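All remarks here apply to the structure that follows.
The values are calculated or read from the model by the stated rules, or taken from the named source; none is laboratory data. What you are looking at is a predicted structure, and each value in this text was computed from that prediction instead of being measured. Counting neighbours? That spans all protein chains shown, and the Cβs are built from the backbone with ideal geometry, glycine included.
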Amino acid sequence: MAKYFDMLMEDVRFREGLHACMNCGVCTGVCPAAEFYNYDPRQIVSIVQTRDEEAIERLLKGDTIWFCGECMSCRPRCPRGNTPGYVIQALRTLSQKLGFFVESEKGRQQLALKRTIGENILRTGYCIVPKLVRPELHPEQGPVWQWIYDHDREVFACFTPVYGREGAGALRRIDDESLDEIRRIFDTSGGTEMFETIERHSDRKAREMGYEQGADDRYMMDVFQKNSVEP
Amino acid sequence: MKRNSWQDYQKQIADDHYYYARSCIRQNFFPGSERAFIDILTRDLGKDLLDDPKHSSCTGIGYHSDIVPLETIMTVVARQFSLMNEVGYENFVTSCITSFGIYTEILATWQEFPETEERTREYLRKATGREFTKPASLAHTSDIVFHFRDDIAARAKRRLVNAATGEPLRVVEHIGCHYAKIFPKSGIGGSEFPYVLAGMVESWGGECVDYPERRHCCGFGFRNYLVQANRGYSIANSHKKLESMAPYKPDFIVANCPGCAMFLDKWQYTIAEMEGTTYGENGHGIPVLTYEEMAGLVLGYDPWELGMQMHQVDVEPLLDKMGVEYDPAAKYLGRNGKFIGKPDTAAVNCGQSELLYDIKE
């Protein structure tokens, strides 16, 4: 059996985030995810701490590790200096590396994040640009955002001289040389490999789930929108 | 007294010569705030700030969505430092709380695990041929405004008081988790009693409201908002905060983090549409400001030049309370005063005074 604990220990966040948990549950008490989901960071840290490889594998393949919002409210509260949020980050990274993330509904959502935020970073140099916040996918943004979205050139021109163009200012177009540097950084440091890993396992799982075209737009929209996990 | 423990958490903030890094979220939703920050620093206070077009996102939203590996974001951050070195600056200022958390975490990780810094240097060299030195100081843009809060007070055209009664305005300040929860020493006041916004509010005549969920997360939760299926998490946590603050009748909310400002604004709209609940006076929502907007109003800036028309919750009830003069008909005009229509109405703005703010086409 794989030594998941040893693999987790290769991640500095895991080494920083887990010392010895006494199971007091303060992390769960302040956790916004525990507020909403059937989620208990205390229990996750407790499981990982036992080094029970089967139990860790269940975590890596399950929904639970994907509930955390990475707000890190747990970090300053832990009386033993642990950071359950860091443990979660390490678990999620390993789940993706091993292709286990596609075994849960919440884990499969990584494809949507890669295709929206991830691809946008490589395309524009930003995580978010106005045209990514499409009103039909963001009804919560309301009519003012719809107005901004529909009149983006007019509205943003009130605040920046370079909307969509090169130069200094908000929402400028980042020059090609800088974008090439960002892409090469992704190629060199494992970012591109992570994106490819997410795509590869998503495509495999999509076919397994009966999506004949693999991880196509239909699969992507399904993972983005469908929610069968009871809060 | 524990309430004064913020005084234990002070940090050095550079007095001048800032290398400015923009925020993905702030420039999307509050571009007027980024402009106001630059104007306040350079025009009002005479400071030097460089807005370098070569810098990029820190990729922090990707990192906290777990699709950007730690090694990658470290190298992106190293590139930002390299760009700063190239133009001869050493005081790095970022306009985003997620980014601020990223920079503090990475600098601390390099300190704690030096092999990660070495590896970052190798990746950066290989990918771009660049080298870098770390910044002499790292600050969030609100730290800088806090640093100059008394200079701003000395130039104030308005104060955070009710113009009719002379009473201080009641302000909910929301700090944003990644400002000081990750590294309490990196934020003014630490994570228990952060003082960065409270200090501004007090200097400019307002008073902060203490309420039970003051330190609770706004509910962004990265993947919990970015993936549509998960947004119940996000609205549920904003709802918890709004329910907790409403009985204290705040005049407005001011947020440190651009994401928090956007969520506390937009989720009020959503809650009003879904449940008919509003949290402010006379059936309105509670206006949500960025600290740049708050500083801008104090300095006499026009609210529409600050970009406050981009909020979903109308700010006019607050402007009226402060005695701010503004042109209602100019609110939704485009570049050069061009009329470009106006947004549909929303339940969150449908109080009894709604008609006062209706723009005559």
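Sub-7 Å Cβ pairs linking a first residue in the range B:329-345 that is free of Cβ contacts under 8 Å to residues at least 60 places away in the same chain and not assigned by TED's automatic domain parsing to the domain that holds B:Asp314 to a second residue that is among the charged types (D, E, K, R) and surrounded by 13 or more Cβ atoms within 10 Å (Cβ to Cβ), at least 6 apart or interchain, number zero. Taking the criterion of being more than 22 Å from A:Glu35 (Cα to Cα), out of contact with any Leu (no Cβ under 9 Å at 6 or more places or on another chain) and more than 11 Å from chain A (Cβ to nearest Cβ), the residues of the range B:230-262 that qualify are B:Tyr248, B:Lys249. So which of A:Ala20, A:Ala55 ends up being surrounded by fewer than 16 Cβ atoms within 10 Å (Cβ to Cβ) and free of Cβ contacts under 8 Å to residues at least 24 places away in the same chain? Within the list A:Ala20, A:Ala55, the selection yields A:Ala55. Regarding A:Arg172, is this residue farther than 22 Å from B:Asp66 by Cβ, more than 9 Å from chain B (Cβ to nearest Cβ) and part of a loop (DSSP other than H, G, I, E, B)? Judged against the criteria, A:Arg172 is not a match.
Residue-wise test of (1) at positive phi; (2) more than 9 Å from chain B (Cβ to nearest Cβ); (3) touching a helix residue (DSSP H, G or I) at 6+ places or on another chain (Cβ under 7 Å).
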| residue | (1), (2), (3) |
| --- | --- |
| A:Val45 | no, yes, yes |
| A:Pro76 | no, no, yes |
| A:Arg80 | no, yes, no |
| A:Thr83 | no, no, yes |
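Only one of the numbered conditions (1) more than 8 Å from every other protein chain (Cβ to nearest Cβ); (2) in contact with a helix residue (DSSP H, G or I) (Cβ under 7 Å, 6 or more places away or on another chain); (3) part of a helix (DSSP H, G or I) is violated by B:Leu83, and that is (2). Every listed requirement among (1) modelled with pLDDT of 95 or more; (2) in a loop (DSSP other than H, G, I, E, B); (3) touching a strand residue (DSSP E or B) at 6+ places or on another chain (Cβ under 8 Å) is met by B:Glu361 save one, (1). For the range A:138-166, a residue qualifies if it is free of Cβ contacts under 8 Å to residues at least 12 places away in the same chain, more than 28 Å from A:Asp180 (Cα to Cα) and not in a loop (DSSP other than H, G, I, E, B), and the qualifying residues are A:Pro139, A:Glu140, A:Gln141, A:Gly142, A:Pro143, A:Val144, A:Gln146, A:Trp147, A:Asp150, A:Glu154, A:Val155. Considering the range A:134-169, and only residues there that are among the β-branched types (Val, Ile, Thr) and at the interface with chain B (Cβ under 7 Å from one of its Cβ atoms), the residue that is nearest to B:Gln312 (Cα to Cα) turns out to be A:Val144. Please enumerate the residues belonging to the range A:35-60 that are among the acidic types (Asp, Glu), at pLDDT 95 or above and in a helix (DSSP H, G or I). If the condition is that a residue be among the acidic types (Asp, Glu), at pLDDT 95 or above and in a helix (DSSP H, G or I), then A:Glu53, A:Glu54, A:Glu57 are the ones that fit. Screening B:Gly88, B:Gly101 for residues that are small (Gly, Ala, Ser), within 9 Å of chain A (Cβ to nearest Cβ) and either part of a loop (DSSP other than H, G, I, E, B) or out of contact with any Cys (no Cβ under 7 Å at 6 or more places or on another chain) (or both) leaves exactly one candidate, B:Gly101. Just so you know, in the range B:122-145 the residues that are free of Cβ contacts under 8 Å to residues at least 60 places away in the same chain and not in a loop (DSSP other than H, G, I, E, B) include one that is surrounded by the most Cβ atoms within 10 Å (Cβ to Cβ), and it is B:Leu124. Scanning the range B:44-58 for residues that are assigned to a loop (DSSP other than H, G, I, E, B) and within 26 Å of A:Leu122 (Cβ to Cβ) returns B:Asp52, B:Pro53, B:Lys54, B:His55, B:Ser56, B:Ser57, B:Cys58. From the list B:Glu34, B:Glu115, B:Glu90, B:Glu86, the lone residue that is out of contact with any strand residue (DSSP E or B) (no Cβ under 8 Å at 6 or more places or on another chain), charged (D, E, K, R) and farther than 24 Å from A:Arg173 by Cα is B:Glu115. Of the residues making up the range B:305-331, those that are surrounded by fewer than 20 Cβ atoms within 10 Å (Cβ to Cβ) and in a loop (DSSP other than H, G, I, E, B) are B:Glu305, B:Gly323, B:Val324, B:Glu325, B:Tyr326, B:Asp327, B:Lys331. Which residue out of B:Asn282, B:Asn237, B:Asn224 is under 19 Å from the mean Cα position of the chain (by Cα), among the polar types (S, T, N, Q) and part of a helix (DSSP H, G or I)? None of the others qualify; the one that does is B:Asn237. As a summary of the residue check, A:Arg200 satisfies the conditions (1) touching a residue at least 24 places away in the same chain (Cβ under 8 Å); (2) in a loop (DSSP other than H, G, I, E, B); (3) more than 22 Å from A:Cys127 (Cβ to Cβ) except for the one numbered (2). Do we have any residue at all in the range B:154-175 that's more than 30 Å from B:Glu213 (Cβ to Cβ) and part of a strand (DSSP E or B)? No: the range B:154-175 contains no residue that is more than 30 Å from B:Glu213 (Cβ to Cβ) and part of a strand (DSSP E or B). Out of the residues in the range A:23-35 that are in contact with a Phe, Trp or Tyr (Cβ under 9 Å, 6 or more places away or on another chain) and crowded, with 23+ Cβ neighbours inside 10 Å, which is nearest to the other protein chains (Cβ to nearest Cβ)? Step by step, filter the range A:23-35, then rank; the result is A:Pro32. Annotation note: Cβ proximity below 8 Å between a residue of the range B:261-282 that is among the aromatic types (Phe, Trp, Tyr) and a residue that is surrounded by fewer than 23 Cβ atoms within 10 Å (Cβ to Cβ) and assigned to a loop (DSSP other than H, G, I, E, B) (sequence gap 6+ or interchain) occurs for B:Tyr269/B:Ala346. Selection of the range A:176-186 for residues being more than 14 Å from B:Arg22 (Cβ to Cβ), of a type outside the set (A, V, I, L, M) and facing chain B (nearest Cβ under 7 Å) yields A:Glu181, A:Arg184, A:Phe186. If you go through the range A:215-231 and keep only what is in contact with a helix residue (DSSP H, G or I) (Cβ under 7 Å, 6 or more places away or on another chain) and free of Cβ contacts under 8 Å to residues at least 12 places away in the same chain, you end up with just A:Gln225.
Listed conditions (1) of a type outside the set (Lys, Arg); (2) assigned to a loop (DSSP other than H, G, I, E, B); (3) surrounded by fewer than 23 Cβ atoms within 10 Å (Cβ to Cβ); (4) modelled with pLDDT of 95 or more are all met by B:Gln352, apart from (4).
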